[in-house]
Amino acid sequence: MKWTAEAEDRIKKVPFFVRRKVRKQVEKEAVSMGDSLVDVMHLEACRQRYMSDKHHQTRGYEIDQCFGADQCPNRAVEFGDMYARMEDVLEDKELLQFLRQTVKGPIKMHHAFRVSISGCPNCCSRPQIVDFGLAGASVAAITDEECSECGLCFNACRENALKPDGRTGRPILDKQLCLMCGDCAGACPTGTIAVTRQGFRVMLGGRLGRHPQFARELPGVWSHDEVLDILSRTVDHFKSNNRGGERLGDIINRTGLGFLSL
Ligand code: SF4
Ligand code: SF4
Ligand code: SF4
């Protein structure tokens, strides 16, 4: 669908990680008005609808993902159908019904249990500040393959997590500094550094608002199925320990993460 230059300028102001989604919504708005050219009026109608929905509608949860799902070259893990599978778990937990029983007054967007999926450690969809956040991870390891000492892996690592062994020139990986982006393995021409596992880092209990806090990260990298199990148990914990509409971060501050028994 074609856009006017003015509408194109306006959409560029939308944060890039949600721009594609917003663009589709605006085009739907134009189609619903019988128009084939998107202009600023459609953007404004869409914005007003969003603001109105935002205050009046929630499913009890909100789920977001970065655009790494289908087009970002940085992604460290394949998303597969993770978004839909997480949505199924959240839907089964009947969070809206739970919130209606727990929260005083109307249920608004800020009461919703928030989930965010990012495809790599850049965390564009901000998983650190939602109730349940994921960041894609590619675990790199040094293999037995011969190293040509080309130095490409050292240049690729933005975390200074790789240092050359003074005797052999082979890389030594500092796991404390490594963010599991997998860039070094992608740069290595000999397979001396290779990705040995892909999955998600899991972050729990992040929030903004009056008392902001970053999520706590579970140690490890988790498969798609493991993430769904952790999500299910986390929502059960959220529901059974909730005092009057608390956010997950508040509950975890009280109970810790022992409920996951990992
Ligand atoms: S989080 Fe990573 S994969 Fe997702 S959009 Fe950002 S850079 Fe790309
Ligand atoms: S995976 Fe990323 S952060 Fe870790 S050593 Fe390789 S390039 Fe550095
Ligand atoms: S590990 Fe790979 S990229 Fe790094 S110096 Fe050796 S051959 Fe080059």
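Within this structure, R114 passes the test of being touching a residue at least 24 places away in the same chain (Cβ under 8 Å) and basic (K, R).
For beta carbons closer than 8 Å, sequence separation of 6+ or different chains, a first residue in the stretch 70-90 that is closer than 14 Å to A137 by Cα and outside the structural domain of A185 (by TED's automatic domain parsing) and a second that is surrounded by 18 or more Cβ atoms within 10 Å (Cβ to Cβ) and among the β-branched types (V, I, T), the qualifying pairs are F79/I117.
Checking the conditions here, which among E226, E217 is free of Cβ contacts under 8 Å to residues at least 24 places away in the same chain, out of contact with any Cys (no Cβ under 7 Å at 6 or more places or on another chain) and not hydroxyl-bearing (S, T, Y)? Spell out how you get there, then give the answer.
Numbers: E226 fails: free of Cβ contacts under 8 Å to residues at least 24 places away in the same chain.
Just a single option satisfies the conditions, and that option is E217.
From the list R75, R59, which residue is basic (K, R) and crowded, with 18+ Cβ neighbours inside 10 Å? None of the other options fit; the residue is R75.
Conditions (1) outside the structural domain of C184 (by TED's automatic domain parsing); (2) under 18 Å from L231 (Cα atoms); (3) touching a helix residue (DSSP H, G or I) at 6+ places or on another chain (Cβ under 7 Å), marked per residue:
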site: C123; (1), (2), (3): yes, no, no
site: R126; (1), (2), (3): yes, yes, no
site: I129; (1), (2), (3): yes, yes, no
site: G133; (1), (2), (3): yes, yes, yes
site: C147; (1), (2), (3): no, no, no
site: A156; (1), (2), (3): no, no, yes
site: E159; (1), (2), (3): no, no, no
site: L162; (1), (2), (3): no, no, yes
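When the stretch 144-166 is filtered for residues that are surrounded by 12 or more Cβ atoms within 10 Å (Cβ to Cβ) and closer than 12 Å to T192 by Cα, the ones remaining, listed by number, are E145, C147, S148, E149, C150, G151, L152, C153.
When E87 is tested against (1) in a helix (DSSP H, G or I); (2) of a type outside the set (A, V, I, L, M, F, W, C); (3) out of contact with any strand residue (DSSP E or B) (no Cβ under 7 Å at 6 or more places or on another chain), only condition (3) is not met.
In the set G191, G205, G169, only one residue is of a type outside the set (A, V, I, L, M), surrounded by 20 or more Cβ atoms within 10 Å (Cβ to Cβ) and more than 16 Å from ligand 1 (Cβ to nearest atom); that residue is G205.
For the stretch 102-131, the candidate set comprises residues that are away from ligand 1 (no atom under 16 Å from the Cβ) and modelled with pLDDT of 95 or more; within that set, the residue that is farthest from A187 (Cα to Cα) is F113. Here G151 meets the list (1) within 16 Å of ligand 1 (Cβ to nearest atom); (2) at pLDDT 95 or above; (3) not β-branched (V, I, T) almost entirely, failing just condition (1). Among residues of the stretch 27-41 that are without any contact (Cβ under 8 Å) to a residue 60 or more places away in the chain, those with a beta-carbon under 6 Å from a residue that is surrounded by fewer than 15 Cβ atoms within 10 Å (Cβ to Cβ) and part of a helix (DSSP H, G or I) at least six positions away or on a different chain give the pairs V40/E6. Tell me which of these V115 doesn't satisfy, since it passes every other one: (1) of a type in the set (A, V, I, L, M, F, W, C); (2) within 29 Å of the chain's Cα centre (by Cα); (3) loosely packed, with under 15 Cβ neighbours inside 10 Å. Of everything listed in (1) of a type in the set (A, V, I, L, M, F, W, C); (2) within 29 Å of the chain's Cα centre (by Cα); (3) loosely packed, with under 15 Cβ neighbours inside 10 Å, V115 misses just condition (3).
The values are calculated or read from the model by the stated rules, or taken from the named source; none is laboratory data. Keep in mind that what you see is a predicted model, and the values were worked out from it rather than measured. Quick reminder, even Gly has a Cβ in these numbers, built from the backbone with ideal geometry, and neighbours come from all protein chains shown.
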